[in-house]
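The values are calculated or read from the model by the stated rules, or taken from the named source; none is laboratory data. Bear in mind that the values here come from a model prediction, so they are computed numbers and not experimental data. Using ideal geometry, Cβ is built from the backbone for each residue, glycine included, and neighbour counts are taken over all protein chains shown.
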Amino acid sequence: MSDQNLYERYQRQIILPEFGEEGQQKLLKAKVLVIGAGGLGCPALQYLTAAGIGTIGIVDDDTVALNNLHRQVLYSVNDIGSSKAERATRILQGLNPEIKIVTCNERLHNENALMLFDEYDIIVDGTDNFSTRYMINDACVLLNKPLVYGAISQFEGQVSVFRNKNEEDVNYRDIFPDPPKDGEVLNCAEAGVLGVLPGIIGTMMANETIKLITGIGEPLIDQLFTYNALNNQVYQLSLSSRKETRSLVPKDEKEFLKTDYEWLCTSPVQQNEIDSNTFNSFISKGNVDVIDVRELHEVPSVNEFDHIRIPLAQLADSSSSIKSKNVIAFCQSGKRSLQAAKILSGIFGDAKKIYSLRGGIVQWKQDRAKQPV
């Protein structure tokens, strides 16, 4: 690309006195790894690509689904079933063919995280599950890599930057030292999310990344920025590091590789999960109380089998309505029902056998639709 074309593409930001040609050159030399090409990753990737980040890595092993499209506007209905990482790469190369995009269509795990991260200057966390967030945080701390963090739920999102230069710097564990167990904090599939929210938060994450690279402005280092889409209220908390949470980070690569992050965020009742076939067997035999622990407004509706509807928050107070020896809880995707099983196990002990429907009612309906008529 000629210098003239380079200037023309980035002219609107180069003419900013605080930015200039020096800032653009810093972007062109930078390497940024974006983990997750979903709700947060899509807007972050689009603006980082447009800004001229020289090398962008994309890590995502998921495929595009119809229920992604209200918020993951990088994709279209024609992309359903396609690899997000691969499809995002093709679209982004069309936006800016002069930069390098590295596609990693695989799941991030202990064995590949450190090697992947080592190739990049900044890590952008656009994931939506806690086990991966803790793993990303710990890998960045070990490698002294800056981490741009974002999260969304319903109408609220948050952004922070963890510098990770030394042991005194704040990291994700200083905000959330104890990983939540399954069902304790709802993800977007359970709680829902306003489609524009990840666009707002993801764009802010791109902004923080650009500020880190170019040195302009004041990045959200040691700050947690929270935004509410319903009333446009924002607040910013100052964060401080804590020795006791620093000790939770693996001390070296060997310890990191041994850490089971999924186990840390897994409910102890997960062994009582049952699949759709086992669930159907219980239903056909009877002598089971099936409990829908979703909120009353949630869909899809269920009329294929008898059940009791008790929202999770009311479960402990309504446990007297549960009579059968066998109890199966279900929710939208299997997260809250694990929490329900934990609550009921604490109430009934060994007097009842408590189960959770793996994948929730959505998975059950999909499995049922695949069965021959």
Is region 54-76 home to any residue that is more than 21 Å from the chain's Cα centre (by Cα) and either closer than 27 Å to A113 by Cβ or in contact (Cβ under 8 Å) with a residue 24 or more places away in the chain (or both)?
yes
Filter result for the condition that a residue is over 25 Å from the mean Cα position of the chain (by Cα), farther than 15 Å from N272 by Cβ and assigned by TED's automatic domain parsing to the domain that holds G286, over I361, I347, I322
I322
From (1) within 13 Å of the chain's Cα centre (by Cα); (2) part of a helix (DSSP H, G or I); (3) of a type outside the set (S, T, Y), pick out the condition that doesn't hold for A151.
(2)
Examine region 331-342 for a residue that is surrounded by fewer than 20 Cβ atoms within 10 Å (Cβ to Cβ) and aliphatic (A, V, I, L, M), and state whether such a residue exists.
no
If R71 satisfies all but one of (1) in contact with a helix residue (DSSP H, G or I) (Cβ under 7 Å, 6 or more places away or on another chain); (2) among the charged types (D, E, K, R); (3) over 10 Å from G202 (Cβ atoms), what's the number of the condition it fails?
(3)
Residue satisfying condition, being over 28 Å from N137 (Cβ atoms) and in the same structural domain as K145 (by TED's automatic domain parsing), within set I53, I91, I99:
I91
Please note which helices (runs of 4 or more DSSP H) are completely contained in region 1-63 and include at least 1 residues that are over 19 Å from G217 (Cα atoms) and in contact with a strand residue (DSSP E or B) (Cβ under 8 Å, 6 or more places away or on another chain).
41-51
Does N112 satisfy being under 25 Å from D138 (Cα atoms), without any contact (Cβ under 8 Å) to a residue 24 or more places away in the chain and surrounded by fewer than 21 Cβ atoms within 10 Å (Cβ to Cβ)?
yes
Looking only at region 324-356, and only at residues there that are polar (S, T, N, Q) and in a helix (DSSP H, G or I), the one that is modelled with the lowest pLDDT
Q339
Only one of N272, N303, N280, N287 is polar (S, T, N, Q), closer than 18 Å to G360 by Cβ and either surrounded by fewer than 16 Cβ atoms within 10 Å (Cβ to Cβ) or touching a Pro at 6+ places or on another chain (Cβ under 7 Å) (or both). Can you tell me which?
N303
Test for G195: is it touching a His at 6+ places or on another chain (Cβ under 9 Å), touching a residue at least 60 places away in the same chain (Cβ under 8 Å) and within 27 Å of G334 (Cα to Cα)
yes
Please verify whether D121 is within 19 Å of the chain's Cα centre (by Cα) and of a type in the set (D, E), treating the condition exactly as stated.
no
Mind listing just one residue for me: the one in region 116-132 that is part of a helix (DSSP H, G or I) and at pLDDT 95 or above and, of those, surrounded by the fewest Cβ atoms within 10 Å (Cβ to Cβ)?
L116
Strands (runs of 3 or more DSSP E) contained in region 195-300 and holding at least 1 residues small (G, A, S) and not assigned by TED's automatic domain parsing to the domain that holds K352:
234-238
Mind listing just one residue for me: the one in region 134-170 that is out of contact with any helix residue (DSSP H, G or I) (no Cβ under 8 Å at 6 or more places or on another chain) and charged (D, E, K, R) and, of those, nearest to K254 (Cα to Cα)?
K165
Quick check, is R71 basic (K, R) and not in a helix (DSSP H, G or I)?
yes
Every residue from region 93-103 that is surrounded by 17 or more Cβ atoms within 10 Å (Cβ to Cβ) and either out of contact with any strand residue (DSSP E or B) (no Cβ under 9 Å at 6 or more places or on another chain) or not in a loop (DSSP other than H, G, I, E, B) (or both):
N96, I101, T103
Within region 191-211, count every residue that is small (G, A, S), at pLDDT below 95 and buried (at least 18 other Cβ atoms within 10 Å of the Cβ).
0
Of all the residues that make up region 193-242, how many are within 20 Å of the chain's Cα centre (by Cα) and β-branched (V, I, T)?
7
Filter region 144-163 down to the residues that are more than 16 Å from S238 (Cα to Cα) and polar (S, T, N, Q), then identify the one that is surrounded by the fewest Cβ atoms within 10 Å (Cβ to Cβ).
N144
Residue under question is A30, and the condition is that it be of a type outside the set (S, T, N, Q), closer than 15 Å to E98 by Cα, in contact with an Asp or Glu (Cβ under 7 Å, 6 or more places away or on another chain) and buried (at least 20 other Cβ atoms within 10 Å of the Cβ); does it hold?
yes
